[in-house]
1. Exactly one of (1) away from ligand 1 (no atom under 16 Å from the Cβ); (2) touching a strand residue (DSSP E or B) at 6+ places or on another chain (Cβ under 9 Å) is unmet by ASP83. Its number?
2. Name the single residue that is nearest to ligand 2 (Cβ to nearest atom) among those in the stretch 182-207 being surrounded by fewer than 24 Cβ atoms within 10 Å (Cβ to Cβ) and under 29 Å from ASN450 (Cβ atoms).
3. Considering the stretch 107-127 alone, what residues qualify as being within 13 Å of ILE148 (Cβ to Cβ) and free of Cβ contacts under 8 Å to residues at least 40 places away in the same chain?
4. Only residues in the stretch 71-89 that are without any contact (Cβ under 8 Å) to a residue 60 or more places away in the chain and on the phi > 0 side of the Ramachandran plot count as the first member; pair them with residues that are assigned to a helix (DSSP H, G or I) and crowded, with 19+ Cβ neighbours inside 10 Å, Cβ under 9 angstrom, at least 6 apart or cross-chain, and list the lot.
5. If the requirement is being at negative phi and touching a residue at least 60 places away in the same chain (Cβ under 8 Å), which of these qualifies: PRO131, PRO149, PRO174, PRO98?
Amino acid sequence: MLYSVGFPLDGNTPAAGTIKVVLLPVDFSDAVGTGQEISDAQVQIDIFNEWVRSQSRSTLTVDWAFPTEWLRASRPSLEYGLDPDSVYAAMRGSDARPYAATVEAFGTEVVALADSLVDFTDVQFVFVLLPKTIVHIDPHVGWFELNIPSDEGTIVKLWGGGAFFYRPDSYGFPEKELWSVWLHEIGHTWGLAGHAPVAILGREHEPQSTDSDLHLMGNQDALHKVFSVWDQWLLGWLPENEVYCLPASQLDRTDVELVALERSGEGGYRTAMIPLTQSSILVVESHRSEGYGERAAPLGNAVAVYVVDTTLDYDRTGEASGIALDRFAVYLAPSLTVSERFERGRSSRAPRDPFLILGESVTYEGVAVSVVQSGANDVVRITRISPPTTTVGPTTTVGPTTTVGPTTTVGPTGGPQNDVVAACGWFGSQQEAQEWFEASPGFGHGVDTNDDEVACGVGDFGGLVDCGGTSAELVLGHLCPNARTE
Ligand SMILES: [Ca+2]
Ligand SMILES: [Ca+2]
Ligand SMILES: [Zn+2]
């Protein structure tokens with residue numbers, strides 16, 4: 001599917017006005033739904049609607065049709081070809097048509113089951129609710145270019161979360177939340193390229209560089225369940241008076257106070273944007289572990305800076321091997337010495353941490369962004385420190401010329417390495433983490449967050465988990481087969 005990162009968006013679901021979506025509860029003889037799950041789903045719809053009201057500043061309203069009884073599928077769930085082996089094979093292959101046909105067959109049946117109950121007129125998106133006992137539909141069932149008939153017209157977009165979404169997330173929260181994956185998936189159809197920014201500039205090839213915990217299009221289970229301020233801007237949800245925008249050519253020194261994205265209903269600037277060239281822009285946003293970021297507590301209070309390049313297309317082909325290829329946006333992380341990084345500690349629960357805390361700065365294309373105050377709100381100082389780069393010729397690619405971020409780009413491999421601060425996502429096994437921990441005194445708090453002397457063990461962020469019951473033995477969270485984003 002094509003995505004666009006600048007105006008106009010390619011999405012075919014309106015992000016303004018009132019749209020109609022449907023949630024269809026579908027169960028099976030081998031996976032029976034309960035009444036409690038129906039009431040739980042209504043709660044998820046309510047959270048979804050409140051999020052849309054808040055993040056879109058009431059630009060968008062979503063009307064749900066939700067038959068509150070399980071519709072029984074004609075066959076056992078195993079027979080729909082939506083088990084992990086079939087789905088992963090179909091998704092990784094170069095030809096997606098067999099998978100799309102499988103989704104279309106399933107979707108055609110469930111829409112027919114609901115047709116007498118639901119008026120599908122002008123329905124933009126059909127979500128499917130599967131029971132928590134589902135095993136054989138995993139990770140999901142979904143496609144956005146379908147041709148599903150109903151009495152009232154054709155359904156194009158359908159998505160339902162399978163077994164993956166009922167397993168614990170990699171932070172140990174017992175269950176993922178459906179409302180936020182629904183937003184992620186419909187977000188793709190609002191035209192958001194998604195899955196960017198995720199990587200940190202210069203560290204794109206590190207493990208887990210395909211994940212971001214700072215926004216919902218970076219990861220549907222993000223610690224900070226907001227849209228990035230760039231995505232909000234693209235959708236037309238961000239009022240002009242919440243954007244501090246200053247071209248780099250006019251920049252001298254400016255202080256801007258930013259309201260955290262997670263805090264709803266407050267006036268003030270949500271972002272500073274500094275256009276660098278016709279196709280690239282620096283974006284600054286503030287985060288707090290409150291409201292939609294409460295799961296990030298006690299960390300997660302800081303500033304994120306990223307550069308958006310609207311000429312970059314969106315390449316997810318490296319995701320299967322955990323590599324972030326071309327993205328329209330990339331984080332800039334502060335360049336810190338080892339002792340500075342150790343002293344400052346972690347600023348996020350995420351293994352990948354692009355945050356700037358008080359006193360830290362990043363520099364890109366002659367523009368420095370630093371955090372000069374941090375209280376209820378952050379204050380960032382934006383300074384031009386060198387003249388703008390001159391672009392020569394219409395075909396010159398403008399890329400980063402300033403090195404930011406740590407010079408070490410490879411995670412520890414188990415040997416003694418006293419020059420890096422590691423997190424559990426960097427190791428191939430718990431034993432490697434333990435060896436590194438014991439050989440690297442003074443640098444281990446990132447891998448032993450519960451201080452029990454076991455590195456990347458049970459209870460450590462990113463440490464040993466059972467992959468939600470899918471793994472025969474405990475493994476590091478990022479090595480679970482289901483540690484992936486949709
Ligand atoms: Ca109907
Ligand atoms: Ca530990
Ligand atoms: Zn996605």
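1. Failed condition: (2).
2. Per the stated criteria, the residue is PRO207.
3. GLU109, ALA112, ASP115
4. Pairs that qualify, where the first residue is without any contact (Cβ under 8 Å) to a residue 60 or more places away in the chain and on the phi > 0 side of the Ramachandran plot and the partner is assigned to a helix (DSSP H, G or I) and crowded, with 19+ Cβ neighbours inside 10 Å, are GLY81/VAL87; GLY81/ALA90; GLY81/TYR99; GLY81/PHE106.
5. Checking each option against the conditions leaves just PRO131.
Every number here is computed from the coordinates shown, using simple stated rules; none is lab data. Keep in mind that what you see is a predicted model, and the values were worked out from it rather than measured. For neighbour counting, all protein chains shown are included, and Cβ atoms are generated from backbone atoms with ideal geometry for every residue, glycine included.
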